[in-house]
1. May I have the convex hull volume per residue, in Å³, for the Cα set of the range C:359-458?
2. Count, for each residue of A:178-190, the Cβ atoms from other chains sitting within 10 Å of its Cβ, then give me the mean as a whole number.
3. Between the helical axis of A:2-38 and the dominant principal axis of chain A, each derived from Cα atoms, what acute angle in degrees is found, rounded to the nearest 10?
4. Given 10 Å bins starting at zero, what is the percent of C-alpha pairs of chain B in each, up to the one with the largest pair distance?
5. Mind sorting C:406, A:264, A:23 by how few other Cβ atoms lie within 10 Å of their own Cβ, fewest first?
6. If I fit a long axis through the Cα atoms of helix C:96-108 and take the longest principal axis of the Cα atoms of chain C, what angle between them do I get, 0 to 90°, rounded to 10?
7. Return a whole-number percent for the relative contact order of the range B:101-239, with Cα pairs under 8 Å and 6 or more residues apart as the contact set.
8. Please sort A:56-65, A:93-102 by packing, taking for each peptide the average over its residues of neighbouring beta carbons within 10 angstrom, highest first.
């Protein structure tokens, strides 16, 4: 009986794996190629067609890139901005989500509807007025200018609320009986319970903030304040001076850290998704 | 439920921030759309002239149609792919699911602005790997970035490559939360895998898919980065989106009043589309159970 | 634990006003705060990090290679004993339009402390920024150097008769071609005196069967049709009136029709290769000679020598063909330019010293220019850069000497705040005419009408 099943499964497994492998190659190739190109001498990148591995690998591109541009500083900026943002935004989102999920207060539905509506505001619409505000606060070219506006993350609140709806009220009720304040309940009970969802949200926030392009473009003025994604976009812009190898280095430096973080954290993320069964 | 005072405090940071960085800019743009301003000096009041010019501007209509074509052209493929991948990666009989999931999500972590350079070379007519692979399969080489027919597919490809992993994870989470008892009951009733899919899985995924659809639609209507970095709106404005045209008018031609009028139109369009989607999909936008759970 | 009922009565109907007030208050507070913030006008500090009139920081902006300017900065430091800014603050932008946008938004918000004191800009941005009152008038400062710089270069950075920027790198339009490819096809560059000769040569190139069997082209055509204004300019044509800034009726100008017609011809006769410039394909096509000629600015020198290395020695440069026999006009597409920002409390003397030391000072040596492949506008005979010597890359030709010669008869286009918008409109109509959707006359008329309706040059 079991061998029959196993044999029936084989073609299905093979098809599935084939499809998945093709798809995986499609996903991985652009990134892998960019990393490989960063080790390829500039004239070899496009003169010899496309190989995955360079014929004459070199570190020259890296030397040039780090020498000509403050890439390490830019990396540091990205890490700082993304890190501070994620901590702050996660906290605020969880807090607001807790209120929307577990409290009943006047205008709650209307406010939640407004919250969802805020996702529809186009970023391009807000950027010039926001810049005016930033300059009045003397925040132009500072880290705050690219962190604070995004702290109001409607998506984050929505996401956490969905998760918190699945937390049984009993946990919270028993803490209320013990006389805990709302904030205490939030901090000591709800947050630990939400850890998987917070991990997923945190990753999404880090990625989103790291990859911001338009906002830092307008708000940040010194190349030493640029995030690494913005710095990379500045590399090829002057067509007069574009060694493609250096451009590929820029791309690699901008993309690789997030990939590494993700690979390290992916267990947590997967666990977070699996634990979505809590909702049942 | 509990005392409302702390609830208001908890949600206050969001609404205060939104008032500053959301409400004020929207109001500013609505007001500015009635003026003509080059950024310095004094704005001139022109009333609704910006809007009348806008609606007789061929390029505006082209950017609008480009945006809509790009939206519809990619969203169904994206959702279908994400759903398919999620189903595959939910199957318990598949080994190595965790690895595939990680790989599928990886493109979403890469900044489009940075990957665009790599993709410019991938889409290259002569040397691009995409054309090389297509040629081996038997499909003729296409000028992805250089012809006005293929610039939109190129953007759609980049968009899907970047986004499908994230939506796959969302749908996967939705799948995981479905009650397995429903499936067992259906199997006992004799329903095969396809019937189980249509009668149990899809209905169960309805809120998730709705969420995916709405979020991606909102993002699609405001599409800027992909056309900006990959094709710069070309060739011949074939990939010029509404958001890009807005940017051009505001930051390249310095017609801030005109750009504000466009921003107003974009905002109204987004709101209307979302409301209509909600009406179509769910009967009304938010069911009672959704809000007061 | 309070019962739900008890909670409800806390916010019973008796307190309706309170509820509404809270909600209204929250939104109002936020909105008022932001309006108040936006309303407060800026004295956002002194530019350049001044403290008591002595700048500690020099703000500069470019989208190119800033190392050249760092050199100018250290020379400035040596030359100005009174104050030595200790930090050179480079605000690198992604491109010229972004730079202009950042500048503009800084002035919109009166964020003076974030604006660069000196910045590099595209010549076509100068009218717009001048009209916005952002640039310092440099007429008096540049005047002593005027006779050492071509008139066209000075004109390109002038606005309504005033010199608003330092020109430092001329964009002389030249014809760069592969001598070996043309010889093989039986084309003699010396015989290409008119644009009609050029088109005929292109057809000859097209029909010739080369030894390696490949097809070759005489011009590259961008995927997005772009109107090359220099073809109009070299005939002395003018898009914007230099005094009033108004859009001239180019639609009724036969010179404009020549220029427009020629570009449509390039597209329709098939002598052009559809390819995007500055891409790997483009460089390879140049190296292989598939694209055997490029008509563009003097920056092509750097492009070729850095990226098109296999065909070194086979390239030559020539002046532009003319439209009619006897026409000697050449074209300068403006010069790269550096301006000083007209900020309150700005130290204009310091700014000028920096610019002087970077572009005009005797102390800047040819080797410095050579290092970054620059051909300066100001190049006195005594200081010869590599560009001004016979180069192996060009088979021994002295490109710089040709460039200097060409500049003597060059016209520059006059810009306007709406220049970018006009170019976009012209490009669109050129594309329409090239694909046969409209006749040339209709396309030109459409372009003019569209420009007027959008208020260009009004």
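Readers should treat all values here as calculations from the given coordinates under stated rules, not as data from a laboratory. Everything quoted here is computed from the prediction, not taken from an experiment. Positions of Cβ are backbone-derived with ideal geometry, glycine not excepted, and every protein chain shown enters the neighbour counts.
1. Details: hull volume 17.7 nm³, N = 100.
Per residue, the Cα convex hull of the range C:359-458 comes to 177 Å³.
2. Details: counts 1, 1, 0, 2, 7, 3, 0, 2, 2, 0, 0, 0, 0.
Across A:178-190, the average partner-chain Cβ count within 10 Å equals 1.
3. Roughly 60 degrees, rounded to the nearest 10.
4. Final binned percentages: 6, 20, 27, 25, 16, 6, 1, 0.
5. On the way: C:406 23, A:264 9, A:23 18.
Result, fewest neighbours first: A:264, A:23, C:406.
6. The answer is roughly 30 degrees.
7. Working: 121 pairs, mean separation 46.3, N = 139.
Here the relative contact order equals 33 percent.
8. Numbers: A:56-65: 15.3, A:93-102: 25.1.
Peptide ranking by packing, descending: A:93-102, A:56-65.
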